[in-house]
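This report concerns only the one structure given below.
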Amino acid sequence: MSNNKKIYLKKGKEESLLRRHPWVFSGAIGRVSEQIEEGEIVDVLSHSGEFIARGHSQVGSIAVRVLSFEQEEIDQQWWNSRIGSALAVRQTLGLTDNPQTTCYRLVHGEGDNLPGLVIDIYGSTAVVQCHSVGMYLSLDSIVAALRENYGDSLGAIYNKSSQTMPYKAEIEVEDGYLWGSGEGEEVVLEGGHKFAVNWAKGQKTGFFIDQRANRALVAKYAKGRNLLNTFCYTGGFSIYALAGGAKSVTSVDSSGLAVELVERNVALNFPNGAPHRSAAMDTFDFLRTTEDGEYDLIILDPPAFAKHHKVLGNALQGYKRLNARAMEKIAKGGILFTFSCSQAVSKEQFRLAVFSAAAIAGRKVRILHQLTQPTDHPINIYHPEGEYLKGLVLYVE
C-alpha cells in the first residue's frame, strides 16, 4: 500500500467506481485517514479498506477525480505515458500531420483518462487549461510530458487556467508561458480555412475546436442560402458557409471583440471581399428585428445555458425560447442548426426543448442530423457525462 493519504467510502458506495466512473462524490465518503489538502493525490478505499482508485482530491461535490484504477505511481513516466496515449489517438485520427488542419484537441479530460485537464494544439503551441487544483499542481510534469512526446515540433506551452479553476479553490493562478514564448496568437488552418486564434485573450483556449465537423456540414448546406450565424464568436460557421457558396452571411454576437475577430477572419479568407455583414448585438434582440423569412439557414450555437444542475430548469426554458424564436423567423424550407454545449443538459432534454419550441412556433419540423463533438473530443465509455455537445439539424417547413 502507498503512503498516499486514504479516503474510505461509506459502505455500499463503491459501485460506480467499480464500474470505472472517474468521479468520487463527497456524499460517498465515510472518513479520511488524515487531513487532506486540495489537489493531493489520494487513495480511495472501500469501507473495508480495499484499494479501488487513485486520484486528485478536490473541494466540492466531486471530491476525487480518478487518475488510475491501478496501484501505480503517478510519476513522470506515468504522465509521459498518458500524454503519449492521447497523442497516439490523434495520430490515428490523422490530425497531427495534416497540412489542411493545424489545430486540434490533444487532451480532453475524462475522455483521455486525465480528468481536469484540457490541452489544445495550435500550430506549434500547446495551450493548457487546468480544471482542478490537482492538475494545476502537476503542470511541471505535464510540461515535461508534452516536450517528451512532441520533441522539436513543439515550440511553446501556454497556461490558460485562470478562468477554469474551481471557484472554491484557494490558489492564485496566472496565465502565461510555461515554456517557450510567443505573441499569444497564431493564424491556424482548419479544413484549409484560416483563423486567427488568440489564446491569451480569447475565450476558452482561443477557438472552439469542438465544432470542426459541424462547420464542415454547414458548408454543404450553405450554397445559395442566406445564413444567420448567431453567437458567432470568431465566425467559424460563417467562414465555412461563405466558402460553401452562401448567398449572404450575417454574423451576430453580443461581444464587440468577437465581431472584430469575425471581420478579421473573413478578410483572411476572402481578401477580395465576401457577401458578409456582422452585428454586435444580443441574439434575441436581433431576431426580434429580423423580417420573417429573411434567412433560410440559421445557426444557434449559444454558450452553456447550464453549467450545473441547479439552473437546469432555466436553461431548458432558454433553449426553448431561443429555438422557438428562430423557427418563427426562418424561411419556409429553411435549415436550422441548433446546439447545446451544456453538460448538465442531456440529449433527451435538449431534444424535448427543441420539440416544445417547434410546437410553440407552429412549424412542421424534421430532424435531418443528430450532431455531437468531434473525434478529438473522445467520450470515456464509463463517463457518459463527457458527451457534452448536442446538436440537431432541422428542416423547417
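Miscellaneous remarks
- The phi-based Karplus calculation (6.51 cos²θ - 1.76 cosθ + 1.60; θ = phi - 60°) puts the 3J(HN,Hα) values of the range 74-90 at 8, 10, 4, 4, 5, 4, 4, 5, 5, 5, x, 5, 5, 5, 4, 4, 5 Hz, whole numbers, x for Gly and Pro.
- Backbone amide hydrogens, once placed in the peptide plane, bring residue 334 within less than 5 Å of 396, excluding anything fewer than 5 places away on its chain.
- Theoretical ellipticity at 222 nm over the chain - DSSP helices of four or more residues, -39500 (n - 2.57) apiece, nearest 500: -8500 deg cm²/dmol
- The relative contact order of the range 76-223, computed from alpha carbon pairs under 8 Å that lie at least 6 residues apart in sequence, is 21 percent.
- Vicinal HN-Hα couplings computed from phi for the range 44-55 (Karplus, 6.51 cos²θ - 1.76 cosθ + 1.60; Hz; Gly/Pro x): 9, 10, 5, 4, 8, x, 8, 5, 10, 7, 9, x
- In order along the range 257-264, phi translates into HN-Hα couplings of 5, 4, 4, 4, 5, 4, 4, 5 Hz, rounded to whole numbers, per the Karplus curve 6.51 cos²θ - 1.76 cosθ + 1.60 with θ = phi - 60° and x for Gly and Pro.
- Footprinting exposure proxy for 369, 56 (fewest neighbouring C-beta atoms within 10 Å first): 369, 56
- Rounded if a/c under 1.5, otherwise prolate or oblate - the range 5-68, Cα gyration tensor axes: rounded
- For the chain, with +1 on Lys and Arg beta carbons and -1 on Asp and Glu, the positive-most of 245, 396, 235 along the dipole: 396
- The trypsin sites (Lys or Arg not before Pro) of the range 168-276 meeting both criteria, a DSSP state outside H, G, I, E and B (loop) and at most 16 other C-beta atoms within 10 angstrom of the site's C-beta, are 168, 201, 223, 247.
- Selection of GluC sites (Glu not before Pro), the range 159-196, meeting DSSP coil and at most 15 other Cβ within 10 Å: 170, 172, 174, 183
- The amide H of residue 53, built 1.01 Å from its N in the peptide plane, has 44 as neighbours under 5 Å, considering only residues 5 or more places off or on other chains.
- Among the GluC sites (Glu not before Pro) within the range 12-60, those in coil by DSSP and having at most 14 neighbouring Cβ atoms inside 10 Å are 34, 37, 50.
- Magnitude of the charge dipole, the chain, Cβ model with Lys/Arg +1 and Asp/Glu -1, debye to 20: 1740
- Within the shell defined by Cβ-Cβ distances under 10 Å, the residues around residue 79 carry a net charge of -2, with Lys and Arg each +1 and Asp and Glu each -1.
- For the range 5-68, the relative contact order works out to 38 percent when only alpha carbon pairs closer than 8 Å and six or more residues apart are counted.
- Taking the range 208-396 and dividing mean pair separation by its residue count, relative contact order in percent (alpha carbons under 8 Å, at least six apart): 19
- Per-residue Cβ neighbour rank within 10 angstrom, fewest leading, 135, 165, 327, 281: 281, 165, 327, 135
- Interchain or long-range residues, amide H under 5 Å from residue 187's placed H: 197
Any read-out appearing in this document is the output of simple, stated calculations on the displayed coordinates, not a laboratory observation. Everything numeric here is computed off the predicted structure, so don't read it as measured data. Glycine gets a Cβ as well: all are built from the backbone with ideal geometry, and neighbour counts include every protein chain shown.
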